[in-house]
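Asker: There's a structure below that I have some questions on.
The values are calculated or read from the model by the stated rules, or taken from the named source; none is laboratory data. Note that the structure is predicted; figures quoted are calculated from it, not measured. A quick note on method: Cβ atoms are made from the backbone with ideal geometry, for glycine too, and the neighbour counts reach across all protein chains shown. Note: areas computed on protein heavy atoms with side chains; ligands, DNA, RNA excluded. Shrake-Rupley method; radii C 1.70, N 1.55, O 1.52, S 1.80 Å.
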Amino acid sequence: MHRDADRPSVLAILHDWVVTVDHKRLGLMYIASGLVFFLVAGSEAAIMRIQLALPNNHFVSPQVFNRMMTLHGTTMVFFVGMPILLGFANYLVPLMVGARDMAFPRLNAFSFWMSLFGACLLYFSFLGAEGLYGGGTAPDVGWFAYAPLTARAFSRGNSTDYWTLSLLVSGIGSIGTAVNLLATTLCLRCPGMTLGKMPLFVWLNFVVACMILIVISPLTAAQIMLTLDRFLGAHFFDTQAGGSAVLWQHFFWIFGHPEVYVLILPGFAFASEIIPVFSRKVIFGYPFMVAASVSIGFISLGVWAHHMFTVGMTPAGNTFFAVSTMIVGVPTGIKVFNWLATIWGGKIRFATPMLFCIGFLFQFLCAGLTGIMLSVAPFDWQLSDSYFVVAHFHYVLIGGLLFTIFGAIYYWFPKATGRRLDETLGRWHFWLFVVGFNLTFAPLHFAGMIGMPRRIYTYQPGRGFELWNQLASAGVVFQAAAIVFFLWNVVRSLVRGAPAGADPWDAWTLEWSTSSPPPPYNFETLPVVRSRRPLWDLKHPDDPDWRYE
Ligand code: HEM
Ligand SMILES: [Cu+2]
């Protein structure tokens, strides 16, 4: 085979990426795999919305519907949210603290491949007995897999086992990455970067890494207990033999609720970097932002049973979890206030990253309001397991997570590729998505309030559910169009986007001080910082921040 000296073959390039231990490449692979699974899980959502668009519809069978729902939820949480967020942390934390790589580069590669393999395990279930259209042996017990649905008697075959193994394997990856992030943040900061001078992005991901270490353990324990129940005849979750179905719920939600914050805090991290740069102001109340993040981490560990108001806890238990849930809203409120105060009076540039952050602030506020409503236990008794809840948590996850992820992609794309995304296409993406998202999920609050239960396959005509569901399904068309604009923008910009230069947004954190894309070793000489905005100091030697700190 002939090979040019300066043009490596496709195979060689592929080989380079597969064996890489560079945190930037691993970060990009995390993000890319997350985006691929986003398209998969999005298609599953579209299938559900088509099925629910009309009463008495038979677009898919009830069995396939359950499988789509389970795969959608599991994929979005574990194989879209987590990989994209850990990917950004991987890419940015070493750059932001002025390090040459993560603390343990090989562990980093191992973690990535474990996560990806975990995701593949979930989808290998399609290769099982009944073939592709019947959904193979894809899991069908919902992303929280409540007992006793997962007991052998009700879940035959291996569908639940695929689910369990998939989460066990990817959990190992998440723990590896969390350890790595903690070690990098604690040990590899460049000279001058005290904890108090770290970018908020680094602080928030530090909290997230701590939370991952704490909450993956109960998830792993639950999966192991479930496996023992299914294979060795243990009875942890078998009420007939003295086990407890509620025990599963406790284990699952001790993991599951903080997991929501594991997804949301990185979203806060994106917003905390983007909003100041596009408002041309220092973040308002840095110490309060740090304190609020740490306390969100702590308090969110103590609210899990708000998912269980209806299982029959004692009134004291319900009260405790209702109050702790309301309290966790306080530091979140502080953060929203600080972002608004940062924007207030700033010279705002409405570039696409900033648009998505403003969208985030607005949508997340809606989610917060319905969240506080649901934290009132008697209100939750009425609306638990109704579409009101589905609407609420999609406002949390899409408003808090997806909006900020899109913002982050527009913001850091120039750093990673050396090219900018197109602003016009970005605006189309943003507006179509805002319209589509609200059209999909706002009506579902009403469907829930008039009694539409969640996780139903279809409904009878004449109950008043039709209109809300049709609006919701129409919204998906707009969202899909928005995603087409987004993908088109990414592909086009990769080939012929405007060159970005090292610092296209005139920002001030360290990643912008190196070339775009950064060289494998990140920095030729390790930077020395004297304030929270090291690049500002360099650009404005006459009026640097460190004079004031
Ligand atoms: C973008 C458009 C989306 C649409 C149209 C959509 C639609 C749906 C639908 C129809 C359900 C079933 C609700 C039920 O019957 O209980 C559902 C469940 C769920 N969705 Fe989404 N979704 C979207 C995005 C997301 C995102 C971005 C996430 C998370 C990051 C997410 C996480 C979940 C979870 C965790 C469930 C619960 C699954 C279960 O109960 O097992 N969704 N979604
Ligand atoms: Cu919760």
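Asker: With a sphere of radius 13 Å drawn around the Cβ of W113, what net charge do the other residues whose Cβ falls strictly inside it have (Lys, Arg +1; Asp, Glu -1)?
Answerer: Residues close to W113 contribute a combined charge of +2.
Asker: In straight Cα distance, which lysines are under 17 Å from K335, not counting same-chain residues fewer than 8 positions off?
Answerer: K335 reaches K281.
Asker: Protein chains only, probe 1.4 Å: how do W508, W488 rank by accessible area, largest first?
Answerer: My answer, sorted largest first, is W488, W508.
Asker: Take each complete run of DSSP H in the chain, measure how far its Cα atoms stretch along the helix's own axis, and keep only those covering 24 Å or more with mean Kyte-Doolittle hydropathy at least -0.5; list them.
Answerer: Qualifying helices: 23-53, 105-124, 159-187, 200-232, 245-279, 315-343, 352-375, 423-449, 466-496.
Asker: Using +1 on the beta carbon of Lys and Arg, -1 on that of Asp and Glu, and nothing else charged, what's the dipole of the chain about the Cα centre, debye to 20?
Answerer: Dipole of the chain, to the nearest 20 debye: 560 debye.
Asker: Now for a different question. Per residue of the chain, what 222 nm ellipticity follows from adding -39500 (n - 2.57) for every DSSP H run with n ≥ 4, rounded to the nearest 500?
Answerer: Calculated at 222 nm, the ellipticity per residue is -22000 deg cm²/dmol.
Asker: How much of K415 can a 1.4 Å solvent probe reach, expressed as accessible area in Å² and rounded to 10?
Answerer: Counting only protein heavy atoms, the figure is 0 Å².
Asker: Let me ask something else. Just want the answer: with Cβ charges of +1 for Lys and Arg and -1 for Asp and Glu, which residue in L167, G128, L85 is farthest toward the dipole's positive end in region 56-197?
Answerer: So the residue furthest toward the plus end is L85.
Asker: While we're on this one: Give me the net charge for the shell around P94: Cβ to Cβ below 11 angstrom, other residues only, Lys and Arg +1, Asp and Glu -1.
Answerer: 0
Asker: Let me ask something else. If you rank F126, F288, F231 by how much accessible surface each has, with a 1.4 Å probe, what is the order from largest down?
Answerer: Result, largest first: F288, F231, F126.
Asker: Which aspartates and glutamates, on any chain, are close to K24 with Cα under 17 Å apart, when same-chain ones fewer than 8 places away are left out?
Answerer: Once the sequence-local aspartates and glutamates are set aside, what remains near K24 is D16, D101, E511, E524.
Asker: In the full protein assembly as shown, how much of D140 is accessible to a 1.4 Å probe, in Å² to the nearest 10?
Answerer: 40
Asker: Here's something else I'd like to know. What distance in nm separates the simple spin-label points at H540 and V435, each placed 7 Å from Cα in the Cβ direction?
Answerer: 4.0
Asker: Shifting gears a bit: Report, in debye and to the nearest 20, how large the dipole of region 363-433 comes out about its Cα centre when Lys and Arg carry +1 and Asp and Glu carry -1 on their Cβ.
Answerer: 420
Asker: Using a cut-off of 13 Å between beta-carbons, work out the net charge of the residues near A32 (Lys and Arg +1, Asp and Glu -1, A32 not included).
Answerer: That works out to +2.
Asker: Taking the Cα centre of region 1-113 as origin, sum charge times position over the Cβ atoms of Lys and Arg (+1) and Asp and Glu (-1), and report the length of that vector in debye to the nearest 20.
Answerer: The calculation lands at about 100 debye.
Asker: Place +1 on the Cβ of every Lys and Arg and -1 on the Cβ of every Asp and Glu in the chain, take the dipole about the Cα centre, and give the residue among Y30, L510, A138 whose Cα lies farthest towards its positive end.
Answerer: L510
Asker: Considering only protein heavy atoms, what is the solvent-accessible area of C187 at a probe of 1.4 Å, reported in Å² to the nearest 10?
Answerer: About 100 Å², ignoring ligands and nucleic acids.
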